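The next block holds one structure in the form of structure tokens; read it before the comments.
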Amino acid sequence: MPTLQEMIEEHQNTHRVPAWTGTLKEYLPMVLANPHLVRGAHARLYQMIRSKGVTVDEETKESNERKEHYAFFDNDLFGIDESIAHVVEYFKAAAVGSDVGKRILLLYGPPSSGKSQLVILMKRGLEEFTTTPEGAVYAIADCPQHEDPLNLIPHALRKQFEEQGIFITGELCPMCTLNLREKYIDADGIPDINKVPVKRMVFSEKERCGVGTFVPSDPKSQDIAELVGSIDLSTIGEFGSESDPRAYRFDGELNVANRGLMEFIEMLKADERFLYVLLTLAQEKNIKTGRFPLIYADECVIAHTNETEYNEFLADKKSEALHDRMIMVRIPYNLKVSQEERIYGKLLKQTQANLPQLHIAPHTFKLASIFAILTRLSEPEIAGLTLIKKLKLYDGEDVEGFRQKDVKLIKNAQKAVREGMDGASPRFIINRMSTALIKEDTKCVNPIDTVRAIQDGIGIESKFNADQRKRYLELIADARREYDEIARTDVQKAFFVSFEAEAVTLLDNYLDNVEAYLDKAKLLDPITGEEVPPDEKLMRSIEDKVKVPEHGKEAFRNEIFRKVGMANRRGEKFDYTTHEKLKSAIEQQLFEERRDTIKLTITSRSPDPEQVIKLNGVIETLVAREGYCALCANELLKYVSSLLAREK
């Protein structure tokens, strides 16, 4: 493994940007060789997203609803793939020069849904992209807005450039116009664009180059200059006029973000005069400032706001002109348990690093995630569908009575339209988990510790009303019941170290009987050697565990054998984990057969030496194979013991 110093050196070598300075005359051959240098801000952002890799969902390759997955977002945004697809669709349309490029992208949704993180990711990604050869950007060297060198090309010649596949739409800013007229002239005093210096640049928000951020504050005191720049009063005496570009500071956020990206935080909280500046920018790609003509700017503005402000904005008829110049994308909370776990893992990564002695038990994030997702789901409107079933379906798991093909129908139900716009935020869950993590003398935090902390938070947080508290406490009970099954399964596996071997034996027995049943054949009894009919009792005992009805047994058995045939054709082995529903059935069957043994061993107040040995073996197995520590393994056994003690 390389040392930290070696990693620093490798990073510097990888991200070293070769300096390049020259003139427009030297830059033009580079453009002819690589027309991508002329791409606009939206096209650059789209290419930046795609540069990290794009894959296509296998199940949608042949369909009209082809789904692409963008690796750019993989490690930072989880469970909002549909929203990301809409964002990328915006950039894709704008990149090809459509009118979509003249729209502001507005992200709206509940707090802590990932709006800000998405924009931050875009800004950091753009900065890094401009350090790469494919993301290289060149600008007029002394332009305060680092504009495209090709803006120097006279309009009379631009048609000829178009014939070479190079489209030029920009105009020189006032400062570059003045410099061309006074600094870059030939021997006869005529402006010579070939002499204008050009350099390679790298976008950096810290350096106020290509990336900007605007934060609205008190409307009475905030100056529009923060967006569009301002007159430098100290230089008016030197240059004699407020309309001289040298007496103007081109340092507004729209100026510095030219050719890149500007983030408009909580956009709809801003005063109207700030919003109307964006009207001209969006539609005409121009910035209007006092005493100057329109200043051309090619940049992407991404704004974000909460849902309350968004709804008020839509209801305001005075803002209709701005409505029409926006592409609005909803960013809801994640609705997948597996992705929610990734969110908590990411947010608590530093906390865990700072507390290396603290162990987080398996399923701690999962139980918190189940509760969080339940709060964001609407009550099902389809008969036989429960919240827990919906939660599992959304996470890619088939459940009794429903399959993945039903998810689209479920999401299109009237009440489901707002799913993800309400409920417990990741921030609330992380706050509550943190209280469990930092308790004095805590060495291990388990799922029950976390859910207790969440329950306490529901009681003390003023943002929850009485109805919400009641509902959330009911959902905690639902989440606990799901965890009960998870805990039982872990203990069951640990009690029988040979679980996999026993599962394979049971599976083979089941498959043999199913094959004979489907072929209307008989089996040989391994003991007597006699031909016997398929063991219907065995098959139904397994199928009952996953609620396969009597009338559905034949379809289930045919489905299993189709899966077996598909695995054989691919040269793969079909095992008990290949089919999720069959896996659950096999595990439950083995647990049922050994329930009494487990119950007797765990619940015994005075275990005999043999039971003590077995319990120690269970703990060792939980630690070695399931990720538990000795503390949480003991807590798990106590918890399952209490569950078994309540059963008759």
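The values are calculated or read from the model by the stated rules, or taken from the named source; none is laboratory data. Here the structure is a predicted model, which means the values were calculated and not measured. Cβ: placed from backbone, ideal geometry, glycine included. Neighbour counts: every protein chain shown. The area values use the complete protein model at the heavy-atom level, side chains included, leaving out ligands, DNA and RNA. Shrake-Rupley method; radii C 1.70, N 1.55, O 1.52, S 1.80 Å.
Among the residues examined, Phe292 qualifies as in a loop (DSSP other than H, G, I, E, B), buried (at least 17 other Cβ atoms within 10 Å of the Cβ) and in contact with a strand residue (DSSP E or B) (Cβ under 8 Å, 6 or more places away or on another chain). Among the residues making up segment 251-276, those that are part of a loop (DSSP other than H, G, I, E, B), open to solvent by less than 20 Å² (accessible area, probe 1.4 Å) and within 15 Å of His146 (Cβ to Cβ) are Gly252, Ala257, Asn258, Arg259, Gly260. Applying the criterion of being open to solvent by 10 Å² or more (accessible area, probe 1.4 Å) and polar (S, T, N, Q) to the residues of segment 295-314, the residue that is farthest from Ile168 (Cα to Cα) is Thr308. Could you tell me which residue of segment 585-636 is most open to solvent (accessible area, probe 1.4 Å), considering only residues that are β-branched (Val, Ile, Thr) and without any contact (Cβ under 8 Å) to a residue 12 or more places away in the chain? Among them, the one singled out is Ile613. Restricting attention to segment 1-56 and to residues that are among the β-branched types (Val, Ile, Thr) and without any contact (Cβ under 8 Å) to a residue 12 or more places away in the chain, the residue that is farthest from Asn194 (Cα to Cα) turns out to be Thr3.
For segment 149-160, the tally of residues that are open to solvent by 20 Å² or more (accessible area, probe 1.4 Å) and under 41 Å from the mean Cα position of the chain (by Cα) stands at 0. Cβ-Cβ distances below 7 Å connect the following pairs, each with a first residue in segment 101-118 that is of a type in the set (Val, Ile, Thr), a second residue that is open to solvent by 20 Å² or more (accessible area, probe 1.4 Å), and a separation of six or more residues or different chains: Ile104/Arg325.
Any residue that is part of a loop (DSSP other than H, G, I, E, B), at positive phi and out of contact with any Pro (no Cβ under 8 Å at 6 or more places or on another chain) - is there at least one of those in segment 52-61? Yes, there is a match, as at least one residue in segment 52-61 is part of a loop (DSSP other than H, G, I, E, B), at positive phi and out of contact with any Pro (no Cβ under 8 Å at 6 or more places or on another chain). Screening segment 406-427 for residues that are under 22 Å from Ser112 (Cα atoms) and part of a loop (DSSP other than H, G, I, E, B) and picking the one that is most open to solvent (accessible area, probe 1.4 Å) gives Asp422. Name the single residue, out of those in segment 132-148 being acidic (Asp, Glu) and under 15 Å from His36 (Cβ atoms), that is surrounded by the most Cβ atoms within 10 Å (Cβ to Cβ). Once the filter is applied, the top-ranked residue is Asp148.
A single member of Glu500, Glu485, Glu474 is modelled with pLDDT of 95 or more, outside any loop (DSSP other than H, G, I, E, B) and open to solvent by 70 Å² or more (accessible area, probe 1.4 Å), and it is Glu474.
Residues that are at pLDDT 90 or above and either aliphatic (A, V, I, L, M) or over 21 Å from Cys173 (Cα atoms) (or both) within segment 226-249 comprise Leu227, Val228, listed in sequence order.
A single member of Ala567, Ala555 is part of a helix (DSSP H, G or I), small (Gly, Ala, Ser), more than 30 Å from Leu622 (Cβ to Cβ) and modelled with pLDDT of 90 or more, and it is Ala555. Taking residues in segment 343-368 that are over 13 Å from Pro426 (Cα atoms), and partners anywhere that are assigned to a loop (DSSP other than H, G, I, E, B), the pairs with Cβ atoms closer than 6 Å and at least 6 places apart or on different chains are His359/Cys629; Ala361/Asn446; Pro362/Gly627. From (1) open to solvent by 30 Å² or more (accessible area, probe 1.4 Å); (2) in a helix (DSSP H, G or I), pick out the condition that doesn't hold for Leu393. Condition not satisfied by Leu393: (1). If you take the residues in segment 522-534 that are out of contact with any Leu (no Cβ under 8 Å at 6 or more places or on another chain) and at negative phi, which one is surrounded by the most Cβ atoms within 10 Å (Cβ to Cβ)? So, considering only residues that are out of contact with any Leu (no Cβ under 8 Å at 6 or more places or on another chain) and at negative phi, the one surrounded by the most Cβ atoms within 10 Å (Cβ to Cβ) is Leu523. Only one of the numbered conditions (1) at negative phi; (2) modelled with pLDDT of 85 or more is violated by Lys581, and that is (2). Annotation note: Cβ proximity below 7 Å between a residue of segment 295-311 that is more than 11 Å from Lys285 (Cα to Cα) and among the small types (Gly, Ala, Ser) and a residue that is open to solvent by 20 Å² or more (accessible area, probe 1.4 Å) and modelled with pLDDT of 95 or more (sequence gap 6+ or interchain) occurs for no pair. Among the conditions (1) within 17 Å of Pro133 (Cβ to Cβ); (2) open to solvent by less than 50 Å² (accessible area, probe 1.4 Å); (3) not in a loop (DSSP other than H, G, I, E, B), the only one that Val17 does not satisfy is (3).
When segment 172-220 is limited to residues that are outside any strand (DSSP E or B), closer than 22 Å to Leu294 by Cβ and in contact with a Leu (Cβ under 6 Å, 6 or more places away or on another chain), the one that is least open to solvent (accessible area, probe 1.4 Å) turns out to be Val196. Scanning segment 98-117 for residues that are assigned to a helix (DSSP H, G or I) and either crowded, with 22+ Cβ neighbours inside 10 Å or touching a Pro at 6+ places or on another chain (Cβ under 7 Å) (or both) yields one hit, Lys115. Restricting Ile193, Ile185, Ile168 to residues that are closer than 25 Å to Val228 by Cα and β-branched (Val, Ile, Thr) narrows the list to Ile168. Taking (1) modelled with pLDDT of 85 or more; (2) in contact with a helix residue (DSSP H, G or I) (Cβ under 9 Å, 6 or more places away or on another chain) in turn, Asn616 satisfies each apart from (2).
Would you pick out the residues in segment 543-584 that are of a type in the set (Val, Ile, Thr) and either surrounded by 15 or more Cβ atoms within 10 Å (Cβ to Cβ) or more than 21 Å from Phe499 (Cβ to Cβ) (or both)? Across segment 543-584, the qualifying residues are Val546, Val548, Ile560, Val564, Thr578. Taking first residues from segment 217-232 that are free of Cβ contacts under 8 Å to residues at least 24 places away in the same chain and partners that are surrounded by 12 or more Cβ atoms within 10 Å (Cβ to Cβ) and of a type outside the set (A, V, I, L, M), the Cβ contacts under 6 Å between residues at least 6 apart in sequence or on separate chains come to Ser230/Arg249; Asp232/Arg249. Per the listing Arg594, Arg625, the residue uniquely modelled with pLDDT of 80 or more and either in a helix (DSSP H, G or I) or within 30 Å of Gly401 (Cα to Cα) (or both) is Arg625.
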